[in-house]
Amino acid sequence: MTFDFFSGCRPSTLTGGAMVATSHPLATAAGLEALSAGGTAVDAAIAAVAVQAVVDPLMTGIGGDCFALYAPAGGAVRALNGSGRAPAAATVEAVTAALATQAGEDGSNAAAGAAGISAGLTEIPQNSAHAVTVPGAISAWCRLHADHGTLPLSQLFARAIRYAEEGYRVTPRVAMDWAAAQATVAGDAGAAALFLPEGRAPVAGELRAQPLLAARYREIAERGPQAFYRGPAAESMVGYLQSLGGLHTLEDFAEAMDGADWVTPVSATYRGYEVHECPPNGQGLAALLILKILEGFDMAALDEVDRIHLQAEATKLAYHHRDALIADPAACPDVAERLLSEEVVATLRARIDMSRARPPVLWDEPEHKDTIYLCVVDEAGNAISFINSIFHGFGSGRLDPATGVLFHSRGASFRLIEGHPNAIGPRKRPMHTIIPGMVTQGGRVVMPFGVMGGHYQAAGHAAFLSGVIDRGLTVQAAIDAPRSFAFNGVLEVEPTIPAATRDALAARGHVLKVVTSPIGGAQAIRIAGGLLEGGSDSRKDGMALGY
């Protein structure tokens, strides 16, 4: 393995024992501490995400959702669905009526509001209580720990509790994202008091804390998931959501305590490797569909213009099917077999014209970019690919002042359209963008990997894997490679893509937008015999470290 030290990029991290890769240095340190104490990959992941919920609060938290892929050494990959469900009373009719009533109470004529909403509203507002599905993260963390952890939660949460109580220094990327999302919490008294105490977002290096989150961690360490889903904390959260017009009940929260499900991953081969994703309600199928489309082309032989064009066209096709078909698994039972069939893949591949861009696809999903992803490989060879999110920056922007829980906004992915696969319904899970990934070959784990960045994640999975497999890039180089994303009618490109390449893409009919903030973020750990090769995105604050 050689490296160009004049490339402007950093090399991959290389170790031979164990490794943690996260998007925040304090989270990576917490994961390594758990491994050094004899913990498993799952222990390290829980320690890391607990810290990340403190130090990167606009991206993740205990009021959000979680997915994971776990690969025991020598065993089959398992998927954990830790996404939350809508309240039992949530129907299209009930939520539409509630939003209409709220529109009237906000000062408009209630009847006119109801008529207007019934006639035209198809999405749930981000800051509405109806955007809050019952958070699934704590159920998932505790299920993972019960099944594959060894160290006590009190030990795993120790660093997170310390940072929550004593404070932590805000890192540069977190500061940038905090400033960009501050309007989301400005209108909620509890959230604004915690996250904008001086009426503004912090700058890099400033001290911040979340003392109430420390209290929640202590309760969960002592009593397990029931400390979150039953008892005083649940009563407070339900009361707060109901005060905002939510349909949540104590029964909804109690049902969610054991809500995290072990399920079979969806998988597809790509040039001799098996790629595993979480099944619906996640969008992992879209990543697999893009890869299967790309597999019909000689990606290694393409120049940059052709490669970006092809990935954009494959993304448009895959995401069109994603939005039409992927939802709660009960609403799309056969979608994996349908989307990944040879007939469908061949039909979609044949629609790609390498000389011209297809007409833009306008998506039926709200934009967001706020998630954390991490991965761990322990000394025994167990690997976990782990993702946790509150959807938008600062989620719904709604914080229960008594518990300090900031609620996510994943329910905004539901549709208020009867008959739509992703229509809101009782105890239903919405379509999710967050997707961990895992690569195996011949039953052996090759690489846990993942990409942050909202809708970009599925396209990012495909681009990253093609970089490693087709182009022979190192893990770090594939992560740091310039990015593009065909999003909602435009081809977003990072400014590191040369002007000549952008001009050539425009000549093929792409409507280009040079982004001012990075597209996504990623972590990965490749396992090659006794060597671990890790990478963490230079677009974020994190690092991959091991021993």
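The values are calculated or read from the model by the stated rules, or taken from the named source; none is laboratory data. Since the model is a prediction, treat every value here as computed from it, not as a measurement. We place every Cβ from the backbone using ideal geometry, glycine too, and count neighbours over all the protein chains shown.
Name the single residue that is modelled with the lowest pLDDT among those in the stretch 177-208 being surrounded by fewer than 19 Cβ atoms within 10 Å (Cβ to Cβ) and charged (D, E, K, R).
Top of the filtered list is 198.
For the list (1) under 19 Å from the mean Cα position of the chain (by Cα); (2) at pLDDT 95 or above; (3) surrounded by 23 or more Cβ atoms within 10 Å (Cβ to Cβ); (4) closer than 19 Å to residue 315 by Cβ, I need the number of the one condition that residue 487 fails.
Status for residue 487: all satisfied but (2).
Filter the stretch 97-126 for residues that are modelled with pLDDT of 90 or more and crowded, with 20+ Cβ neighbours inside 10 Å; which is farthest from residue 413 (Cα to Cα)?
Out of the qualifying residues, it is 100.
Filter the stretch 426-444 down to the residues that are out of contact with any His (no Cβ under 6 Å at 6 or more places or on another chain) and in a loop (DSSP other than H, G, I, E, B) and list them by number.
Result: 426, 427, 428, 429, 430, 431, 434, 435, 442, 443.
Any chance the stretch 250-269 includes a residue that's of a type in the set (Gly, Ala, Ser), more than 22 Å from residue 427 (Cβ to Cβ) and surrounded by fewer than 22 Cβ atoms within 10 Å (Cβ to Cβ)?
yes
Being among the β-branched types (Val, Ile, Thr) and either under 18 Å from the mean Cα position of the chain (by Cα) or buried (at least 24 other Cβ atoms within 10 Å of the Cβ) (or both) is the filter here; which residues of the stretch 407-438 pass it?
424, 433, 434, 435, listed by residue number.
Scan the stretch 248-273 and report the pairs whose first residue is under 23 Å from residue 91 (Cβ atoms) and whose second residue is aromatic (Phe, Trp, Tyr), with Cβ atoms within less than 7 Å and a gap of 6+ or a chain change.
If the second residue must be aromatic (Phe, Trp, Tyr), the pairs left are 253/229; 254/229; 256/229.
Considering only the stretch 445-541, give the strands (runs of 3 or more DSSP E) lying wholly within it that have at least 2 residues that are closer than 23 Å to residue 309 by Cα and touching a residue at least 40 places away in the same chain (Cβ under 8 Å). Can you show your working first?
Numbers: elements: 484-487, 490-493, 512-514, 521-528, 531-536.
So the answer is 484-487, 490-493, 521-528.
Can you tell me which of (1) surrounded by fewer than 17 Cβ atoms within 10 Å (Cβ to Cβ); (2) in contact with an Asp or Glu (Cβ under 7 Å, 6 or more places away or on another chain); (3) not basic (Lys, Arg) is the one residue 281 doesn't meet?
(1)
Looking only at the stretch 170-209, count how many residues are of a type in the set (Lys, Arg) and touching a strand residue (DSSP E or B) at 6+ places or on another chain (Cβ under 6 Å).
0
How about the stretch 251-263: which of its residues are within 16 Å of residue 138 (Cβ to Cβ) and part of a helix (DSSP H, G or I)?
Result: 252, 253, 254, 255, 256.
Among the residues of the stretch 295-320, what is the count of those that are surrounded by fewer than 24 Cβ atoms within 10 Å (Cβ to Cβ), out of contact with any Asp or Glu (no Cβ under 7 Å at 6 or more places or on another chain) and more than 27 Å from residue 421 (Cα to Cα)?
The qualifying residues number 12.
Taking residue 312 as the residue in question, decide whether it is farther than 25 Å from residue 147 by Cα, in contact (Cβ under 8 Å) with a residue 12 or more places away in the chain and outside any helix (DSSP H, G or I). Spell out the reasoning first.
Working: farther than 25 Å from residue 147 by Cα: yes; in contact (Cβ under 8 Å) with a residue 12 or more places away in the chain: yes; outside any helix (DSSP H, G or I): no.
It is false that residue 312 is farther than 25 Å from residue 147 by Cα, in contact (Cβ under 8 Å) with a residue 12 or more places away in the chain and outside any helix (DSSP H, G or I).
Restricting to the stretch 29-57, what's the tally of residues that are over 22 Å from residue 146 (Cβ atoms) and under 18 Å from the mean Cα position of the chain (by Cα)? If you could, list the steps in order and put the result at the bottom.
Keep residues of the stretch 29-57 that are over 22 Å from residue 146 (Cβ atoms), which gives 29, 32, 36, 54-57.
From what's left, under 18 Å from the mean Cα position of the chain (by Cα): 54-57.
Selection size over the stretch 29-57: 4.
Scan the stretch 13-32 for residues that are over 22 Å from residue 380 (Cβ atoms) and crowded, with 24+ Cβ neighbours inside 10 Å and report the count.
Number satisfying all stated conditions: 2.
Among the candidates 138, 161, which residue alone is touching a Pro at 6+ places or on another chain (Cβ under 8 Å), crowded, with 21+ Cβ neighbours inside 10 Å and of a type outside the set (Gly, Ala, Ser)?
138
Just need a number here: residues in the stretch 452-467 that are under 13 Å from the mean Cα position of the chain (by Cα) and either among the polar types (S, T, N, Q) or under 12 Å from residue 518 (Cβ atoms) (or both).
5
Which one is surrounded by the most Cβ atoms within 10 Å (Cβ to Cβ) among residues in the stretch 505-533 that are under 18 Å from residue 14 (Cβ atoms) and among the β-branched types (Val, Ile, Thr)?
525
Just to check your reading of the model, which residue among 467, 460 is in contact with a Lys or Arg (Cβ under 9 Å, 6 or more places away or on another chain) and at pLDDT 95 or above?
Step by step, each of 467, 460 is checked, and only 460 is in contact with a Lys or Arg (Cβ under 9 Å, 6 or more places away or on another chain) and at pLDDT 95 or above.
Does the stretch 275-292 contain any residue that is outside any helix (DSSP H, G or I), under 30 Å from residue 356 (Cα atoms) and charged (D, E, K, R)?
So far as the stretch 275-292 goes, no, none of its residues is outside any helix (DSSP H, G or I), under 30 Å from residue 356 (Cα atoms) and charged (D, E, K, R).
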